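Single-structure report; data block below.
The values are calculated or read from the model by the stated rules, or taken from the named source; none is laboratory data. Please read these numbers as outputs of a predicted model, since none were measured by experiment. Note that each Cβ is placed from the backbone with ideal geometry, even for glycine, and that neighbours are counted across all protein chains shown.
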């Protein structure tokens, strides 16, 4: 049994389906904390240095933005009301940072089913490519495609 309410198995996903997450507001403290540990560039950890950078102020690491987008995908799409039966990921492609994320920005993720293919060797799964766009207001700040393994409904388990 899945630890959350799965309502969408591979069979229930259709190319063109769109999921929207709730919002997550990024704070200055978490931007600095993440960057100090994983991406300690001056424009992520030091407000004075950031003011002199091309950004003109403190901005989140792109890796932080990516991690937050994964969190929103998991909590709101995989474990959310629509409960997509995700078994894991195969990889991510086409990662682009379009705009910086600043303290106080609220991130939302738009997830679209781009492609799906049944497994030829494993009857319990199919492969789904999702397009993910992270937006602040109406501006895309990050985009990426992910390839995920999605459980099929009728696996004989």
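A quick yes/no check of all residues on (1) under 21 Å from residue 88 (Cα atoms); (2) at pLDDT 95 or above; (3) touching a strand residue (DSSP E or B) at 6+ places or on another chain (Cβ under 9 Å):
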| site | (1), (2), (3) |
| --- | --- |
| 2 | yes, no, yes |
| 24 | no, yes, yes |
| 39 | no, yes, no |
| 50 | no, yes, no |
| 63 | yes, yes, no |
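Which of (1) closer than 16 Å to residue 100 by Cα; (2) without any contact (Cβ under 8 Å) to a residue 24 or more places away in the chain is the odd one out, the single condition residue 74 does not satisfy?
Exception for residue 74: condition (1).
So residue 154 fits all but one of (1) buried (at least 16 other Cβ atoms within 10 Å of the Cβ); (2) within 17 Å of residue 7 (Cα to Cα); what number is the exception?
(1)
Residue 93: crowded, with 17+ Cβ neighbours inside 10 Å, closer than 25 Å to residue 137 by Cα and at pLDDT 95 or above, yes or no?
In short, no.
Look at the range 46-69 and say how many of its residues are crowded, with 16+ Cβ neighbours inside 10 Å and within 30 Å of residue 111 (Cα to Cα).
The total comes to 10.
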